[in-house]
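One structure is given below, encoded as structure tokens.
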Amino acid sequence: MHEYAVVSELINALLPQAETIEGRIVGVILKKGELRILSDQALANAFELLAEGTPFEGARLIVELVSVSVSCSSCGYEGAVDHVSDEVFHFAVPILSCPKCQSKVDVQAGRELFVDRLSVQTPAETDSR
Ligand SMILES: [Zn+2]
């Protein structure tokens with residue numbers, strides 16, 4: 001399962017930072033580009049499993065979707081792209097060509113996958129967010 005490997009890598013990368021945090025980590029906010037074909041549910045399940053025995057145990061993985069954004073060198077268009085709905089997977093698939101002139105575009109956003117921030121609860125406050 002691809003999600004499992006991805007989450008394992010994220011947790012390992014975060015561990016050194018997590019061990020220095022005072023308080024309880026209650027949430028891990030993950031930014032996921034639209035072009036990353038990863039199931040949010042599978043990511044959450046993998047996180048719950050892999051967090052056991054780490055400072056992330058009991059925390060929730062919150063996935064925030066980053067929309068695709070492109071720039072076109074032919075006509076100068078910058079921004080979102082059109083989507084086509086995929087009947088097999090039941091989600092909207094971004095079309096990676098210029099919505100104005102159909103040229104090939106450079107992807108500016110939509111491929112990212114990183115932990116944006118951690119939500120930490122310290123004894124002094126009830127909610128840090
Ligand atoms: Zn264009």
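Could you list all residues from region 37-71 that are acidic (Asp, Glu) and either assigned to a helix (DSSP H, G or I) or within 11 Å of the chain's Cα centre (by Cα) (or both)?
ASP40, GLU48, GLU64
When both residues are 6+ apart or on different chains and their Cβ atoms are under 6 Å apart, which pairs have a first residue that lies in region 64-87 and is within 17 Å of GLY33 (Cα to Cα), and a second that is near the ligand (Cβ under 9 Å from one of its atoms) and part of a loop (DSSP other than H, G, I, E, B)?
VAL70/VAL105; VAL81/PRO99; ASP82/PRO99
Within region 38-45, is even one residue closer than 19 Å to ALA13 by Cα and free of Cβ contacts under 8 Å to residues at least 24 places away in the same chain?
Checking region 38-45: at least one residue is closer than 19 Å to ALA13 by Cα and free of Cβ contacts under 8 Å to residues at least 24 places away in the same chain.
Each row is one residue, and each column tells you yes or no for (1) surrounded by 12 or more Cβ atoms within 10 Å (Cβ to Cβ); (2) farther than 30 Å from THR20 by Cα.
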{"residue": "GLU52", "(1), (2)": "no, no"}
{"residue": "ILE62", "(1), (2)": "yes, no"}
{"residue": "VAL66", "(1), (2)": "yes, no"}
{"residue": "GLY79", "(1), (2)": "yes, yes"}
{"residue": "HIS90", "(1), (2)": "no, yes"}
{"residue": "ILE95", "(1), (2)": "yes, yes"}
{"residue": "PRO99", "(1), (2)": "yes, yes"}
{"residue": "GLN102", "(1), (2)": "yes, yes"}
{"residue": "ARG111", "(1), (2)": "yes, no"}
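In region 72-124, how many residues are within 16 Å of the ligand (Cβ to nearest atom) and part of a strand (DSSP E or B)?
Count: 8.
Which condition does TYR4 not pass, out of (1) in a loop (DSSP other than H, G, I, E, B); (2) of a type in the set (Phe, Trp, Tyr); (3) surrounded by fewer than 17 Cβ atoms within 10 Å (Cβ to Cβ), if it passes all the others?
Condition (1) is where TYR4 drops out.
What is the number of the single condition among (1) touching a Ser or Thr at 6+ places or on another chain (Cβ under 8 Å); (2) of a type outside the set (D, E, K, R); (3) at pLDDT 95 or above that SER71 does not meet?
(1)
The values are calculated or read from the model by the stated rules, or taken from the named source; none is laboratory data. From a predicted model like this one, the values you see are computed outputs, not experimental measurements. Here Cβ is always computed from backbone atoms with ideal geometry, including for glycine, and neighbour counts include all displayed protein chains.
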